[in-house]
Amino acid sequence: MAVKTLIEGVREALDEEMARDERVWVLGEDVGKKGGVFLATEGLYARYGEARVLDTPLAESAIVGVAVGSALNGLVPVAEIQFADFIHPAFDQIVSEAARVRYRSNGTWACPLVIRAPFGGGVHGGLYHSQSVEAFYAHVPGLKVVIPSTPEDAKGLLKSAVRDPDPVMFFEHKKTYRLIKGEIPEGEYLTPIGPAVVRREGSKLTCVAWGLMTHYCLEAAESVAGEGISAEVIDLRTLQPLDRETILRSVEKTARAMVVYEDNLTGGFGAEIAAVIAGEGFEHLDAPVTRVAGPDVPAMPFNRAQEEAFMPSPAKIADAMRKLATY
Amino acid sequence: MAVKTLIEGVREALDEEMARDERVWVLGEDVGKKGGVFLATEGLYARYGEARVLDTPLAESAIVGVAVGSALNGLVPVAEIQFADFIHPAFDQIVSEAARVRYRSNGTWACPLVIRAPFGGGVHGGLYHSQSVEAFYAHVPGLKVVIPSTPEDAKGLLKSAVRDPDPVMFFEHKKTYRLIKGEIPEGEYLTPIGPAVVRREGSKLTCVAWGLMTHYCLEAAESVAGEGISAEVIDLRTLQPLDRETILRSVEKTARAMVVYEDNLTGGFGAEIAAVIAGEGFEHLDAPVTRVAGPDVPAMPFNRAQEEAFMPSPAKIADAMRKLATY
Amino acid sequence: MSEDASARATRARELRHEALGLEPERLLTMYRQMVLARAIDRRMWVLNRQGKAPFVISGQGHEAAQVGAAAALRPGVDWLCPYYRDLAFCLALGLTPLDFMLSVFARRDDPSSGGRQMPSHFSLPKAHIATTSSTVATQVIHAVGIAYAARARGLDEVAVTCVGEGSTSKGDWHEGLNFAGVHRLPFICIVQDNDYAISVPHRLQMGVDSVAARAAGYGMAGVTVDGGDLLAVYEATREAVEKGRSGRGPTLIVAKVARFTSHSSDDDQRRYRPPEELEAMLRRDPVERFRTYLQQASLLSDQDDERIQQECTSEVDRAVQIAEAAEPPDASDIYRHVFSESGPG
Amino acid sequence: MSEDASARATRARELRHEALGLEPERLLTMYRQMVLARAIDRRMWVLNRQGKAPFVISGQGHEAAQVGAAAALRPGVDWLCPYYRDLAFCLALGLTPLDFMLSVFARRDDPSSGGRQMPSHFSLPKAHIATTSSTVATQVIHAVGIAYAARARGLDEVAVTCVGEGSTSKGDWHEGLNFAGVHRLPFICIVQDNDYAISVPHRLQMGVDSVAARAAGYGMAGVTVDGGDLLAVYEATREAVEKGRSGRGPTLIVAKVARFTSHSSDDDQRRYRPPEELEAMLRRDPVERFRTYLQQASLLSDQDDERIQQECTSEVDRAVQIAEAAEPPDASDIYRHVFSESGPG
Ligand SMILES: Cc1ncc(C[n+]2csc(CCOP(=O)(O)OP(=O)(O)O)c2C)c(N)n1
Ligand SMILES: Cc1ncc(C[n+]2csc(CCOP(=O)(O)OP(=O)(O)O)c2C)c(N)n1
Ligand SMILES: [Mg+2]
Ligand SMILES: [Mg+2]
């Protein structure tokens, strides 16, 4: 196995799926010759040509809407939204259209498509190149929401997403693209959409996270391990459908839970996780469910001091772990 | 005091605020001669003329964007989105623009505006005239989110919203428009944005709701009262900023809590309420926080059987109250 | 009119359909489609007054535009991303009165949505009629995507979409047309311009008389036609279809039509339209106009017309009867079809 | 060129600015604005290479379009809803090099955002430069709203907005222009068409050579100008401003410009633009072109030019020095200005 970056996982998944199935096509801004602003689609244009690797006009609603239409007529589109911050203009096409094609037609139409978007901060992106948007979509029935945190999962989950018969929102934390390296298995494999994975076993508390925050939680767990705090870290991988079992099984063991997310605290998807744990795991809990999240300010400022103040960090998470462990 | 409908409260607020301050103007589809599809703006066109009561083109992003621009240049716009289901195309203008004007300019620009939208179901509106959308916006820092449940509050809160220096999302449950009648005080008054109100005192459990669900909870509370279950019903009125104090004070007293919302269960704003109660009220809870909500299906079907299956009803709520009381 | 003038006029008219290569039988089929659509539409309003149809939205006054356009398509091959007034269009493409009545009564076997959507949210996969939401103009982009896929797959399909003139103000309309223009797709947008978007008049909707003026800005063909003139719409659409099929790009067709009814059963257009305007508008009946054409061309006798009317009426009667008696959806089925039932493929 | 021909050409040029009523001093001011913008812009890239400016986005090649347009406005009266390449435009309206450098270094006293936004997200209330996001084209609608408010309040203000040609594909652009057309607002949209949207070439962005072709569809005036020709842009904008002020409606101006640099410091345009194209493009330098004009009109001596260049350079030096030494924002201020600090008014 070769050690690769997360974005290489994305790229390999796209390449393999396009080679496997000629219905698969990629569309978005700058995905063609340039290979995407993060180079996720690098090489595809040369290999598959303009019709299957299409630089679209600068129009996110059209990117998603054209994807929907092409899915209705037999293609399997993978749309790239350049930054998750710019997915908002396509909100209606995603929420009212893609998510509902199957339901509103009573199952007579399907809308298999993938929407990829880099999200998240800590990269000096300022207010409009740093946002987390998963909460908006994990709230919308009809959509699956996937966020990989390792190169292996990025590849395996994206391949599953392309083959999924329903619309999948595939969010990639842009800070993980090159920061996170790991082995990618040789040969073809699929990582199923749905199951979470326990990234670190622990007995004292459960920490639920996704994307970059998974790694920060692992760092934090490592740093408090010396203090005798044994933290279990769950990487959700899929927010919708949510793997309640893995979460609740862990809480049953540890009796203490925290959710860590980079998005704004209030109404972030961590609220749902906290509500599920507090609801279904009530009997097992020895402490309130802790949430470590971005503050309730519009977004992450560009200047370094305020960006750092916004981002949950391994140190902040470790602090919260200490507090929770001694509650 | 005269008994009036909720929509009369809305209409009076608009009329009084337009009479008081000539910077206030109303824009939206069919708000002019027709007076709005629910007649919320009836009479204003005749009284204030086309320039201040403007029938816009069919373009929600423009409705909000023009409102933003007019606010930057000294007006106080009240934009009507005809149905909350059709607010999605304006998502970007609301979330990226209105909500962030103040923050991104470091307080040197302000964006005082109100966006009104009728939401909610139970009116045979089908998939696209029934939705609850408050969770999307209550998650966005920079926006206030208000949902009145009585004629008095509709008027008093809307007047406060018009005078608020920041953008306010003002959602009106369309089933309450004519169903809910109540006294509206004579003379001018303002209902402050922020504080929740206890609509019914109780000792055995706390029920948090907003909009139409407030009334369903009150009905349910009444129906279980004979069984010796004393339910306290809190009408949130404002989702953002959230009145944690009133909620937590009640839970401290009752030790049991439920949240009732019509929106889809997963990621609805009730998840946040549940997380807050389970987090900050942990020590007081004798039972897990219950959520009664719409199911996780894209939206409310048009046919009666499935519409009823979707809607939380007084009976469903009463059942949940019984279960919670005996936990 | 003198005998002579009348005869000349008749000849001119005959020449029109003959010049278009339309056989009398085709013309009668089209006429029947219009009559049927009108009969169904009128019945909806009766059902609404009877409390049996909670919501009605109507295509009366738009029939010629729709039937004329549909006649230029190959049903089941070319695509339609329709809008809520497209009853006549969909009937012409293969929707049956029963199909439609099942949706009016929100029955389980309604092929468009199983009673989930409001009536007039047409969808019929086998006829290549795509599912739509209520959110206007979203389907315009879907039609563009369908056309893109058709070309990519080497299929000889043209994608048509319809919207009202108000819906052309939406960003989605623009984004769709621009995309179609860039790629010169086999795509046709038919704007049924009835002067109002609910109550909002044309002058507050756009700064031009016809949005056909926008076609040039997308690098596509644009044409304004009298939407009350079935043959004119047929001709314009046929040309657009030929353009699309031969790789000569998309077309924007604006058909000027009349909205006979209020916007929907929740509206009363007398509140915002002056009586004289309403009166003048109601004189622009496309069904009557085509009937007159056929009669003057001696293609439709009074008896034939009577028979067609009666056949349509009884077809509607039958559809209403069956639909009313049909099963409603199961409440428990509300959970179905959120995701594929066969799981990841 | 023969002596004679050169003299004739010079006279024609003189006539141009004289015909426009522009005094030599105005011309030199404009020239200075272009030189200053270029100097600041170049410095940004140096700071970027030094690791001091994490993000740079550039207006090099767009200066004539911006300075020419700005010259037709009344600073502090007319409005600008700018986009990220509008450095020269904003300087001409009153932004100082220090103001700008404070934003490059994300300093507390950056007047645009207090270091919250990336550089080149211009905002300066006193100059009527509105705050913008990074999401392209959203500001177009704001400018429409500003114009609507100006008229409603009886203010004699014109609202101008700038976007790139790629941004015209967005729904917001369309919705804004349509709205402005309906109400014949004092609104001007200047499209700075540099042939690329990041890497996406013109041919994949639109089906026309110039989006000015869209103006007719909104019922507004539309004009395409050579954006390298300062006087041409000035003339077009002045006419548009007069139109707006006199109630004759909005104007769409497309200025064809050159993007000298890569899209931003995160991009490398050599990856997607052929070398010959880049080379030819780089010859279209609007600053040089205007310098030549001034020199041939004997309005700018070599010494004057030298002096202007040096003044601009030292102004930039000073701004960089002060900005670099300035205070960064406080981390704890992150919580400020989510809502009004004075509470409900
Ligand atoms: C995005 C959106 N906004 C608002 C509505 C509510 N609405 C339904 S139809 C309509 C008017 C449509 O007018 P037009 O496009 O001219 O079509 P017509 O009904 O006149 O045929 C409106 C505003 C909607 N369905 N979708
Ligand atoms: C809605 C949105 N989508 C994507 C982006 C990312 N982006 C920033 S600039 C740009 C290209 C803009 O091209 P154009 O409008 O031609 O302006 P130019 O940069 O060429 O001056 C893109 C795609 C964005 N800022 N906003
Ligand atoms: Mg219309
Ligand atoms: Mg460009």
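The values are calculated or read from the model by the stated rules, or taken from the named source; none is laboratory data. Remember, it's a predicted structure, so these values are computed and weren't measured experimentally. Counting neighbours? That spans all protein chains shown, and the Cβs are built from the backbone with ideal geometry, glycine included.
In segment D:135-145, the qualifying residues are those that are part of a helix (DSSP H, G or I) and either touching a residue at least 60 places away in the same chain (Cβ under 8 Å) or of a type in the set (A, V, I, L, M) (or both), and the one that is farthest from the other protein chains (Cβ to nearest Cβ) is D:140.
If you go through segment D:146-176 and keep only what is at the interface with chain C (Cβ under 9 Å from one of its Cβ atoms) and under 19 Å from the mean Cα position of the chain (by Cα), you end up with D:168, D:173.
Just for segment B:42-74: of the residues that are away from ligand 3 (no atom under 16 Å from the Cβ) and among the β-branched types (Val, Ile, Thr), which one is surrounded by the most Cβ atoms within 10 Å (Cβ to Cβ)?
Just the residues of segment B:42-74 that are away from ligand 3 (no atom under 16 Å from the Cβ), to begin with: B:42-54, B:60-74.
Then keep just the ones that are among the β-branched types (Val, Ile, Thr); that gives B:53, B:63-64, B:66, B:68.
On the way: B:53: 25, B:63: 32, B:64: 30, B:66: 34, B:68: 27.
Once the filter is applied, the top-ranked residue is B:66.
Considering the conditions (1) within 30 Å of residue C:114 (Cα to Cα); (2) within 16 Å of ligand 1 (Cβ to nearest atom), residue C:278 is excluded by exactly one of them, (1).
Identify the residue in segment D:178-197 that is near ligand 4 (Cβ under 8 Å from one of its atoms) and in a loop (DSSP other than H, G, I, E, B) and, among all such residues, is surrounded by the most Cβ atoms within 10 Å (Cβ to Cβ).
Of all residues in segment D:178-197, those near ligand 4 (Cβ under 8 Å from one of its atoms) come to D:192-197.
Among the residues that remain, those that are also in a loop (DSSP other than H, G, I, E, B) are: D:194-195.
Numbers: D:194: 24, D:195: 19.
Residue satisfying both the conditions and the ranking: D:194.
Determine, yes or no, whether residue D:156 is assigned to a loop (DSSP other than H, G, I, E, B), without any contact (Cβ under 8 Å) to a residue 60 or more places away in the chain and away from ligand 1 (no atom under 16 Å from the Cβ). No; evaluated as a whole, the condition is false for this residue. Taken over segment D:171-212, the criterion of being among the small types (Gly, Ala, Ser) and either modelled with pLDDT under 95 or touching a His at 6+ places or on another chain (Cβ under 6 Å) (or both) is satisfied by D:171 alone.
Out of A:177, A:189, report the one residue that is farther than 24 Å from residue B:100 by Cβ, outside the structural domain of residue A:73 (by TED's automatic domain parsing) and of a type in the set (Phe, Trp, Tyr). Before the answer, list the steps.
On the way: A:177 fails: outside the structural domain of residue A:73 (by TED's automatic domain parsing).
Residue meeting the stated conditions: A:189.
Note on segment A:237-283: residues that are under 16 Å from residue A:204 (Cβ atoms) and part of a loop (DSSP other than H, G, I, E, B) total 3. Once segment A:81-103 is narrowed to residues that are in contact with a strand residue (DSSP E or B) (Cβ under 9 Å, 6 or more places away or on another chain) and in a helix (DSSP H, G or I), the residue that is farthest from ligand 2 (Cβ to nearest atom) is A:98. The condition (being in contact (Cβ under 8 Å) with a residue 24 or more places away in the chain and either farther than 20 Å from residue A:318 by Cα or within 9 Å of chain B (Cβ to nearest Cβ) (or both)) is satisfied by just one residue among A:287, A:278: A:287. Within segment A:74-90, residues that are touching a residue at least 60 places away in the same chain (Cβ under 8 Å) and within 14 Å of chain B (Cβ to nearest Cβ) have Cβ atoms under 6 Å from residues that are away from ligand 4 (no atom under 16 Å from the Cβ) and of a type in the set (D, E, K, R) in no pair, counting only partners at least 6 apart in sequence or on another chain. With respect to (1) at negative phi; (2) surrounded by fewer than 24 Cβ atoms within 10 Å (Cβ to Cβ); (3) touching a residue at least 12 places away in the same chain (Cβ under 8 Å), the lone exception for residue A:108 is condition (3). Consider segment C:106-134 and keep the residues that are more than 9 Å from chain A (Cβ to nearest Cβ) and out of contact with any Gly (no Cβ under 7 Å at 6 or more places or on another chain). The one that is farthest from residue A:63 (Cα to Cα) is C:109.
Exactly one residue out of C:132, C:168 is modelled with pLDDT of 95 or more, assigned to a loop (DSSP other than H, G, I, E, B) and within 12 Å of ligand 1 (Cβ to nearest atom), and it is C:132. Only one of the numbered conditions (1) within 11 Å of ligand 2 (Cβ to nearest atom); (2) assigned to a strand (DSSP E or B) is violated by residue D:224, and that is (1). Scanning segment C:98-123 for residues that are buried (at least 24 other Cβ atoms within 10 Å of the Cβ) and either under 17 Å from residue C:33 (Cβ atoms) or free of Cβ contacts under 8 Å to residues at least 60 places away in the same chain (or both) yields a total of 11. Check whether at least one residue in segment D:297-318 is within 14 Å of chain B (Cβ to nearest Cβ) and at negative phi, and report yes or no. The answer is no; no qualifying residue exists.
Against the conditions (1) facing chain C (nearest Cβ under 7 Å); (2) part of a helix (DSSP H, G or I); (3) farther than 26 Å from residue D:173 by Cβ, residue A:106 satisfies every one except (2).
Test residue B:64 against the stated conditions and say whether it is at pLDDT 95 or above, at the interface with another protein chain (Cβ under 9 Å from one of its Cβ atoms) and in a helix (DSSP H, G or I).
In short, yes.
Within segment A:191-210, identify whether any single residue is part of a helix (DSSP H, G or I) and modelled with pLDDT of 95 or more, and answer yes or no. Break it down stepwise before answering.
Narrowing segment A:191-210 to residues part of a helix (DSSP H, G or I): none.
There is no residue in segment A:191-210 that is part of a helix (DSSP H, G or I) and modelled with pLDDT of 95 or more.
Residue D:127 - would you say it is surrounded by fewer than 24 Cβ atoms within 10 Å (Cβ to Cβ) and farther than 23 Å from residue A:131 by Cα? Quick ask: steps written out before the conclusion?
Values: surrounded by fewer than 24 Cβ atoms within 10 Å (Cβ to Cβ): yes; farther than 23 Å from residue A:131 by Cα: yes.
Considered against the rule, which asks whether it is surrounded by fewer than 24 Cβ atoms within 10 Å (Cβ to Cβ) and farther than 23 Å from residue A:131 by Cα, residue D:127 comes out as yes.
Scanning segment B:291-327 for residues that are among the β-branched types (Val, Ile, Thr) and either within 7 Å of another protein chain (Cβ to nearest Cβ) or assigned to a helix (DSSP H, G or I) (or both) returns B:297, B:317.
Can you tell me which of C:252, C:230 is in contact (Cβ under 8 Å) with a residue 40 or more places away in the chain, more than 14 Å from chain A (Cβ to nearest Cβ) and closer than 19 Å to residue C:22 by Cβ?
Just one listed residue meets the conditions, C:230.
If the condition is being touching a residue at least 24 places away in the same chain (Cβ under 8 Å) and in a helix (DSSP H, G or I), then segment D:312-345 contributes D:312, D:313, D:315, D:316, D:318, D:319, D:320, D:322, D:323, D:324, D:333.
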